[in-house]
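What follows is one structure encoded as structure tokens, with my remarks underneath.
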Amino acid sequence: MSEKQRIAIVTGGTRGIGAAISVALKRVGYKVAANYAGNDEAANAFSKKHDIPVFKWDVGDYDACVQGIAAVQQQLGPVDTIVNNAGITRDAMLHKLTPQAWRDVIRVDPESMFNMCQPLILQMREAGFGRIINISSINGQKGQMGQTNYSAAKAGVIGFTKALAQEVAKKGVTVNVICPGYIDTDMVAAVPEKVLEGIIAGIPVGRLGSAGEMAHAVLFLADENAGFITGSTLTANGAQFIAG
Ligand code: NDP
């Protein structure tokens, strides 16, 4: 961590993986804004427990992002680190998948990549420094039955990362993506027990990952010494799927 005060926004930063990321960034000295969608109770409890300010807006809505980012910058100062973590699932086999379930997932991820990065990218380019860390998924790398929407969304996050990394490489801004495997959060708690047993049996490490382990990967990529690491995809899945 440099002398300069770093300021981060973590989308979906009040629960699960995002909460662990917010706490980890604060621990190493960042000012952190934790964004969330609508669960006020969880967000307020998180904010109180960790003394991290929370900001409610929908990352699927461009105008809401512009306003939300402005509110964060007014309160904390110029943001130099974005962790695009918010994501949702609406699983069904394609023959049962509704247009609404398709759109819901696509508008949170990958549209939030555009909605969050576009309003801040010029500022980062001009500052000559920035860190953008996007959270995709193992299922964006390998595809997953019952998740055509989610797999397409998360593959889109990887493509967005690779393209933006090239655009801003000369400006001191890095853009990387982390692909978690199955992590012990509310999202995975929603998976039926029998299905989850099958999933764990297919993870060579023999367990789910933890949110703290994902936060550790974010700290590594956010570090000022990680300036040569950009456009990369970091798989963090207990060797469940080893991408080339
Ligand atoms: P959780 O469901 O535990 O938490 C989701 C967080 O995102 C909450 O803070 C939620 O806010 C917020 N959020 C959801 N939609 C929006 C929105 N439209 N605008 C703003 N905030 C929103 O998720 P996880 O921690 O499990 O997952 C975090 C990320 O990691 C996601 O992108 C997910 O796809 C990815 N991932 C997760 C894996 C896992 O095994 N858990 C595996 C691979 C990837 P609120 O509390 O208000 O609802």
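For this structure, a couple of remarks:
- Nearest-20 debye value, segment 87-244 charge dipole, Cβ charges on Lys, Arg, Asp, Glu: 420
- Residues in segment 176-204 that a label on Ala243 would reach, taking backbone N under 14 Å of a point 7 Å out along Cα→Cβ: 176-182
- Protein accessible area in the chain, 1.4 Å probe - carbon and sulfur %: 55
- The tail of the calculated P(r) for the chain beyond 30 Å holds 21 percent of all Cα-Cα pairs.
- The alpha carbons of segment 117-244 give a radius of gyration and a Dmax of 15.9, 51 Å, in that order.
- Inter-probe distance in nm under a simple model that places probes 7 Å from Cα toward Cβ, at Gln67 and Phe114: 2.0
- Placed amide H near Asp58: partners under 5 Å, 5+ positions off or other chain: none
- Cut-off 15 Å between beta-carbons: net charge of the residues surrounding Gly12, Lys and Arg +1, Asp and Glu -1: -3
- For the chain, accessible area per residue (1.4 Å probe, heavy atoms of protein chains only), Å²: 48
- Close amide-amide hydrogen proximity is noted between Thr235 and Cys179, each under 5 Å apart and 5 or more residues distant or on a separate chain (H modeled in the peptide plane; Pro and chain starts excluded).
- Cut-off under 5 Å, modelled amide H: who pairs with Ala86 long-range: Thr11, Gly12
- Zone residues, segment 30-69, relative to Arg103, backbone N less than 16 Å from point 7 Å out along Cα-to-Cβ: 60-62
- When the charge dipole of the chain is built from unit charges on Cβ atoms (+1 for Lys and Arg, -1 for Asp and Glu) and taken about the Cα centre, the candidate among Gly140, Gly16, Thr235 whose Cα reaches farthest toward its positive end is Thr235.
- Choice from Ser136, Ser210, Ser112 with maximal GNM fluctuation in the chain (Cα, 10 Å cutoff): Ser210
- The stretch between Glu3 and Ile200, if pulled fully straight at 0.36 nm per residue, gains 66.7 nm over its current Cα-Cα span.
- Helical segments meeting 27 Å axial Cα length and Kyte-Doolittle -1.0 threshold in the chain (DSSP H): 148-168
- Relative contact order, percent, segment 7-236 [alpha-carbon distance under 8 Å, six or more residues apart]: 21
- For Arg107, net neighbour charge (Lys/Arg +1, Asp/Glu -1) across residues whose Cβ lies under 15 Å away: -3
The values are calculated or read from the model by the stated rules, or taken from the named source; none is laboratory data. A quick note: this is a predicted structure, and the numbers were derived from the prediction, not measured. All Cβ positions, even for glycine, are placed from backbone atoms using ideal geometry, and neighbour counts span all protein chains on display. Just so you know, the surface numbers come from the protein's heavy atoms only, side chains and all, with ligands and any DNA or RNA stripped out. Shrake-Rupley method; radii C 1.70, N 1.55, O 1.52, S 1.80 Å.
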